[in-house]
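No value in this document is a laboratory result; all are computed from the given coordinates. Computed from a predicted model, the values in this text were never measured in an experiment. Note that each Cβ is placed from the backbone with ideal geometry, even for glycine, and that neighbours are counted across all protein chains shown.
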Amino acid sequence: MPPVKYQRGDTVMGRWPGSSLYYEVKVLGFDAKSQLYTVIYKDGTELELKEQDIKSASGFQTRSRSRSRSPGRRRSRSRSPGRTTRRSSSRTAAAVAAAAITDSAPSSRRDTKLKDTVEVTLSPLVSATASLSVIPVLMKKLEITMIALYFFLSPGAYFWLLFLPAWVLFLILQVNLVDPSLVNFPPPLPPLEAFWDAQALGFVTLWILFQAVLYVLPVGKVSEGMPLRSGERLKYRTNGEADAVAVAVMVHQDVDLTYIHSHFLQLATASFLISVLLSIYLYVRSRYVGQEQLALGGNSGNVIYDFFKGHELNPRIQDFDLKFFCEMRPGLIGWCLINFAMAIAEMKQQGLDTPSNSMILVNLFQLLYVVDGLWNEEAILTTMDLMHDGFGFMLAFGDLVWVPFTYTIQAYYLVSHPIPLSLPAVIAIVILKIIGFYIFRKSNSEKNAFRRNPSDPKLSYLKTIHTATGKSLLVSGWWGVVRHPNYLGDLIMALAWSLPCGFSHLLPWYYMIFFIILLVHRDSRDMSECRRKYGSAWEEYCRTVRYRIIPHVY
Ligand code: NDP
């Protein structure tokens, strides 16, 4: 076998697929079977390249003067395609692209514009042998991509920005109906003043501050996150269990929690307001951080899209990690607090001495889910949200509004829609929950332990596939059954949460339906991400483990 020409860690020039342009890349590895090199570009993009698409760094010249920069340093000049250029003309990028495409011999002025546009989009270094004539063609491709981003991503983001809050509102209004069937859709809108309650805003603010104080307490262990693109590993204080205990003590102090049931809409509005303000803050601060601190997925240059998707990966105020805090604390613990408040409201409304069986099951099941999450808080550090997604409206709204105000709909529903459950039904549902929980916990812990220490002797019995990035993929154990065993366990648990609410209405099944859509979408998002990262090794994994979530079904 001929020797490998480029070694792991070498800095070379890699050709951008479909063009004659070369960028500085670092070699991550070589797959002898496919004869492909895995390389990483400065903006974090990983691709597999053939040897002929790689050249040594000597023999290259930078195309333009001092302004020529790597993709990783272009932020200060990046702009959305819809924004006009500030210099000599007010044409949009689309118009610039059109001009570039239609004119065959660029004048010097337009050449400057061309350079601007190319730099805005990719800022390549050009091979000494590459002809300048490819630039308009390349620009066309790049601009079409940018315009597509502008037209397709942005309306999507607008849609979700409006739809998500509207959906929460719909659920809250619908669950308040005596008969919340779909035939009674849409529920009547209350007057505007019914949404607002200053006291509710005060309570939500206090709750978040209280959680923040518990979070910064110097108790609990400090865990390291996964390596970032820069190689740095952030530290996180994982003291969620102490946090939960403090809340339980507070709840025990005879606080009248029925306020939560009677002011649910106002509390949700207050949380929504806070999530919007937080997202604005996150987006504004993300404009001032370095490129390497941005999330790859939320870095399109389109303001609305990036605001929605999350621009900065790990926004922190000193050691206070905003994303980690919001993911794990106010919303998640708030979810249990609200459920508990619903149990008290049910007893009051139905004149019961103890909550109903259905309410107890929903409360206990979801409490177990949250306590487990807090107990294994470290495991969140290897999840997609923490590793890949930027912190923007999508997660801020999800953490502060969606989780506490829609995941509690089952408990809310049971307050005024009692469902009697026989003992055998209770036992069957409990067994289902235990099965789901077992699959969920075991699979998540297995991957977490493997990612933290791939040579852990306790995992030595597991088969793995080596990837060109240096990381391996589990191909036996839970991750050899399906590609997302953790989603399977989670879905079984979701079923166990919905069953206590009976079959009279679709509304309490909302979580189950939403969760199927969420996890199927999340699975395909993860599939594309892993295919990009691991290339042929991922294909091999998919050939070996054929089903995504449910064995022999999907
Ligand atoms: P995963 O925890 O499944 O993380 C996916 C990542 O795991 C991949 O990107 C890859 O990252 C790694 N991976 C994938 N396959 C393998 C393999 N064979 N061997 C080793 N590593 C592998 O996804 P999520 O973050 O989406 O989910 C985490 C948990 O959170 C799940 O249990 C999910 O059900 C739950 N969840 C719950 C939600 C809720 O609202 N209740 C919402 C979302 C998730 P890499 O290789 O880079 O390490």
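Computed quantities for the displayed model
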quantity	calculated
Exclusive hit being more than 30 Å from GLY301 (Cβ to Cβ), free of Cβ contacts under 8 Å to residues at least 60 places away in the same chain and in contact with a strand residue (DSSP E or B) (Cβ under 9 Å, 6 or more places away or on another chain), set VAL183, VAL213, VAL219	VAL219
Top-ranked residue of the stretch 450-464 - restricted to ones that are touching a helix residue (DSSP H, G or I) at 6+ places or on another chain (Cβ under 7 Å) and near the ligand (Cβ under 8 Å from one of its atoms), ranked as farthest from LEU47 (Cα to Cα)	PHE450
Number of positions in the stretch 412-439 that are of a type outside the set (S, T, N, Q) and assigned to a loop (DSSP other than H, G, I, E, B)	5
Residues within the stretch 450-463 that are out of contact with any Leu (no Cβ under 6 Å at 6 or more places or on another chain) and not in a helix (DSSP H, G or I), tallied	7
Some residue of the stretch 465-486 being buried (at least 16 other Cβ atoms within 10 Å of the Cβ), of a type in the set (A, V, I, L, M) and assigned to a helix (DSSP H, G or I)	no
Matching residues, the stretch 541-554, being over 30 Å from PHE365 (Cβ atoms) and more than 11 Å from the ligand (Cβ to nearest atom)	ARG543, ARG546
SER498 being surrounded by 15 or more Cβ atoms within 10 Å (Cβ to Cβ), farther than 30 Å from LEU173 by Cα, more than 8 Å from the ligand (Cβ to nearest atom) and among the polar types (S, T, N, Q)	no
GLU378 vs. criteria part of a helix (DSSP H, G or I) and away from the ligand (no atom under 15 Å from the Cβ)	no
Top-ranked residue in the stretch 486-537 [being in contact with a helix residue (DSSP H, G or I) (Cβ under 9 Å, 6 or more places away or on another chain) and hydroxyl-bearing (Ser, Thr, Tyr); ranked as farthest from GLU48 (Cα to Cα)]	SER498
Residue list for the stretch 225-256, restricted to those being over 18 Å from LEU322 (Cβ atoms) and assigned to a strand (DSSP E or B)	none
Qualifying positions in the stretch 473-510 - under 18 Å from ILE360 (Cα atoms) and touching a residue at least 12 places away in the same chain (Cβ under 8 Å)	MET493, ALA494, LEU495, ALA496, TRP497, SER498, LEU499, PRO500, CYS501, GLY502, PRO508
Qualifying positions in the stretch 381-396 - more than 13 Å from the ligand (Cβ to nearest atom) and in a helix (DSSP H, G or I)	PHE393, ALA396
Residue among LYS442, LYS447 that is over 18 Å from LEU495 (Cα atoms), near the ligand (Cβ under 10 Å from one of its atoms) and in a helix (DSSP H, G or I)	LYS447
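Per-residue answers, yes or no, for (1) more than 11 Å from the ligand (Cβ to nearest atom); (2) not acidic (Asp, Glu):
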{"site": "VAL482", "(1), (2)": "no, yes"}
{"site": "PRO485", "(1), (2)": "no, yes"}
{"site": "ILE492", "(1), (2)": "no, yes"}
{"site": "TYR510", "(1), (2)": "yes, yes"}
{"site": "PHE515", "(1), (2)": "no, yes"}
{"site": "SER524", "(1), (2)": "yes, yes"}
{"site": "ARG531", "(1), (2)": "no, yes"}
{"site": "GLU539", "(1), (2)": "yes, no"}
